[in-house]
């Protein structure tokens, strides 16, 4: 059995290594490091894959979220609603821009933002909702877009973990996550389903006017060299990372299918265990559907009941099986985001999840014997303690 890794980028590289090295050589020979042909190629390829009019590459996923909010013209004091159970980058950019973060609870089975909690949190100061497509599946976008339309709000999709997943709307039509709101932000951090070999990110929108604004913001507010029409930032995807992403993009659906298959295998081992709650898909499929691609399993996250999570984590660590606890502290309890507005009873689900969740190794290169070893190790612990 190969060494078990949380993400195996080395094995994933082998089939595309020569293509990437050839692109690197071309970039070095042309010295086209910034905004070169590789960036433009990847942008066009991603637009075609996503079925979206505009992709605006940038330096990382956090920048993408910030630039989206800048492009929409949000102003200090405006309230932005997002999930309490997610990575800090989502709320970080809200605070950095002088906006007011409003954190709400999540669904206990899917971990995505709770629509009822969103509706209760809307005030006259609310200007945007940021649903997070957490762990690889979409937030309930029909309901979120309906709320946004009712209250004249922007919808900014945080798609850092969900690229390639589909959302199935009320009319049974498929949409790629990241193409449903006003604008979306994604990350190409190396561990993502579509990951670079460094940092990278992108924004996506079907709004021509907004796309024009965003393209200026990412490049110091310039549309013409040395003419700064808007306040901008320095956030550009470099050509080397674009070359990596362009090589990986044709394989993304295959990577995601392999992740889904690994998740199905995990579920078969864990189903009906009284101490484990396996992932549930938002589309209401029984188990994990192999056809609809409504979950791309950026993470495979279990809930471990009866206070067994921390002991399981120590057990896995002792056996050198990697794992992650995403996330150990709710955002509303993080020192940077503590606020007297928040009441613990409003975060009952998140407060429970941080005590129960554990993410197991998940990537496109997982092998059957590795999954079996991991699963049996988990079961041996929870069943015997």
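Quick note: the coordinates plus some simple rules give every number you see, no bench work behind them. Bear in mind the structure is a predicted one, so any value in this text is a computation, not a measurement. Every residue, glycine as well, gets a Cβ built from its backbone with ideal geometry; the counts of neighbours run over all protein chains shown.
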Checklist entry - What order do you get for 365-377, 232-244 when each peptide is scored by the mean count of other beta carbon atoms within 10 Å, highest first? => result 232-244, 365-377
Item to check | Per-residue [θ]222 nm for the chain (sum of -39500 (n - 2.57) over DSSP H runs n ≥ 4, rounded to 500) | outcome: -11500 deg cm²/dmol
Checklist entry - Kirkwood hydrodynamic radius for the range 64-114: how many Å is it when counted over pairs of different Cα atoms? => result 11.4
Next on the checklist: Suppose each label sits 7 Å from its Cα in the direction of the beta carbon; what would the residue 314-residue 26 distance come out to in nanometres?
Outcome noted: 5.4
Checklist entry - For 294, 58, what ranking results if the residue with the fewest other Cβ atoms within 10 Å of its Cβ goes first? => result 294, 58
Next on the checklist: If I model a spin label as a point 7 Å beyond the Cα along the Cα-Cβ vector, how far apart are those points for residue 173 and residue 150 in nm?
Outcome noted: 2.2
Item to check | DSSP-defined antiparallel bridges as percent of all bridges, the range 9-250, nearest 5 | outcome: 55
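Determine, for each peptide in 35-45, 60-70, the mean count of other beta carbons within 10 angstrom over its residues, then list the peptides with the highest first.
Answer by packing, highest mean first, reads 60-70, 35-45.
Evaluate E = 1/(1 + (r/R0)^6) for residue 18 and residue 264, where r is the Cβ-Cβ distance and R0 equals 25 Å; express this FRET efficiency to the nearest 0.05. Show your work: numbers first, answer last.
Details: r = 32 Å, r/R0 = 1.27.
Computed FRET efficiency for residue 18 and residue 264 comes out at 0.20.
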Checklist outcome for this item: Along principal axes, largest first, the alpha-carbon spread of the range 221-367 in whole Å comes out as 63, 47, 36
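Could you state the per residue volume, in Å³, of the convex hull enclosing the Cα atoms of the range 288-385?
Working: hull volume 14.7 nm³, N = 98.
Spread over its residues, the Cα hull of the range 288-385 gives 150 Å³ apiece.
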Checklist entry - To the nearest 0.05, what FRET efficiency results for residue 384 and residue 191 with a Förster distance of 30 Å applied to their C-beta separation? => result 0.40
Checklist entry - Which residue, 121, 263, 202, tops the fluctuation ranking in a GNM of the chain built on C-alpha contacts under 10 Å? => result 121
Next on the checklist: I need the peptides 222-231, 270-279 ranked by packing, meaning the mean over residues of other C-beta atoms within 10 angstrom, with the highest value on top.
Outcome noted: 270-279, 222-231
Checklist entry - Which of rounded, prolate, oblate describes the range 180-236, given a ≥ b ≥ c as roots of the alpha-carbon gyration tensor eigenvalues and a/c under 1.5 marking rounded, otherwise prolate only if a/b is larger than b/c? => result oblate
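What is the percent of Cα-Cα separations in the range 9-250 that go past 28 Å? Could you put the intermediate results ahead of the total?
Working: 8829 of 29161 pairs.
Of the Cα pairs, 30 percent sit more than 28 Å apart.
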Checklist entry - Classify the range 10-120: rounded, prolate or oblate, from the alpha-carbon gyration tensor (a ≥ b ≥ c, eigenvalue square roots; a/c under 1.5 rounded; otherwise prolate if a/b is larger than b/c)? => result prolate
Next on the checklist: Based on the alpha carbons, how large is the Rg to Rh ratio for the range 164-298 when Rh follows Kirkwood?
Outcome noted: 1.08
Item to check | Reduced Cα scattering model of the range 346-385, Debye log10 I(q)/I(0), q = 0.25, 0.26, 0.31, 0.33 Å⁻¹ | outcome: -0.87, -0.89, -1.00, -1.05
Item to check | Residue among 338, 104, 55 with the largest mean-square fluctuation in a Gaussian network model of the chain, springs linking Cα atoms under 10 Å | outcome: 338
